[in-house]
1. Are any of the residues in the stretch 10-32 within 16 Å of the ligand (Cβ to nearest atom), in a strand (DSSP E or B), open to solvent by 80 Å² or more (accessible area, probe 1.4 Å) and not small (Gly, Ala, Ser)?
2. Can you run down the residue pairs with Cβ atoms below 6 Å, 6 or more apart or on separate chains, where the first is in the stretch 73-95 and modelled with pLDDT under 95 and the partner is open to solvent by 60 Å² or more (accessible area, probe 1.4 Å) and more than 9 Å from the ligand (Cβ to nearest atom)?
3. Here are some conditions: (1) within 16 Å of the ligand (Cβ to nearest atom); (2) open to solvent by 30 Å² or more (accessible area, probe 1.4 Å); (3) in a strand (DSSP E or B). TYR46 meets all but one. Which one does it not meet?
4. Does LEU7 satisfy being in contact (Cβ under 8 Å) with a residue 40 or more places away in the chain, buried (at least 18 other Cβ atoms within 10 Å of the Cβ) and not aromatic (Phe, Trp, Tyr)?
5. Here are some residues: ARG67, ARG38. Which one is within 18 Å of VAL110 (Cα to Cα) and among the basic types (Lys, Arg)?
6. Does VAL36 fit the bill of being part of a strand (DSSP E or B), more than 11 Å from the chain's Cα centre (by Cα) and either within 16 Å of the ligand (Cβ to nearest atom) or surrounded by 19 or more Cβ atoms within 10 Å (Cβ to Cβ) (or both)?
Amino acid sequence: MATQQRLICLSTDLQEKGTGVRFALPELGAHVSGFVLRYDGNVHAYINQCAHLPVELDWNEGEFLSRDQQHLICATHGALYQPQTGVCVMGPCQGKALRKLEVTEQGQQVFINLSSLDQKV
Ligand code: FES
């Protein structure tokens, strides 16, 4: 399948360990969203859904990191995920992982690769 890219935000919108930027993913369902955030200099993108229940991670919009900024956190039950891989390291979904999306940064813009979205969640 040809690469389909969607512009999500500007690189400057993503500060290191700052708030994430949410975006709709109608390709995966009416209420499905994704998010991008910058961690250790790299931009990561995930489907905004806990690995344990179909619940969005951010209680306050764009706040995906734990208080100590070491992990992504599900605000509902406190599951912790590695920011770089999406693997759950603590919580009810330990050992499972968030669904990662392909993301690229080009010309100070952040894009996700829609051709990596192949199935409904
Ligand atoms: S709903 Fe599973 S820990 Fe978030």
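The values are calculated or read from the model by the stated rules, or taken from the named source; none is laboratory data. Just so it is clear, the model here is predicted, and its values are computed rather than measured. Note that we place each Cβ from the backbone using ideal geometry, even for glycine, and neighbour counts take in every protein chain shown. For the accessible areas, the whole protein counts, side chains as well, though only heavy atoms, and no ligand, DNA or RNA atoms are used. Shrake-Rupley method; radii C 1.70, N 1.55, O 1.52, S 1.80 Å.
1. Looking for residues that are within 16 Å of the ligand (Cβ to nearest atom), in a strand (DSSP E or B), open to solvent by 80 Å² or more (accessible area, probe 1.4 Å) and not small (Gly, Ala, Ser), one finds none in the stretch 10-32, hence no.
2. Going by the 6 Å Cβ cut-off, the qualifying pairs are ALA75/TRP59.
3. Among (1) within 16 Å of the ligand (Cβ to nearest atom); (2) open to solvent by 30 Å² or more (accessible area, probe 1.4 Å); (3) in a strand (DSSP E or B), TYR46 violates only (2).
4. In short, no.
5. Residue meeting the stated conditions: ARG38.
6. Numbers: part of a strand (DSSP E or B): yes; more than 11 Å from the chain's Cα centre (by Cα): no; either within 16 Å of the ligand (Cβ to nearest atom) or surrounded by 19 or more Cβ atoms within 10 Å (Cβ to Cβ) (or both): yes.
It is false that VAL36 is part of a strand (DSSP E or B), more than 11 Å from the chain's Cα centre (by Cα) and either within 16 Å of the ligand (Cβ to nearest atom) or surrounded by 19 or more Cβ atoms within 10 Å (Cβ to Cβ) (or both).
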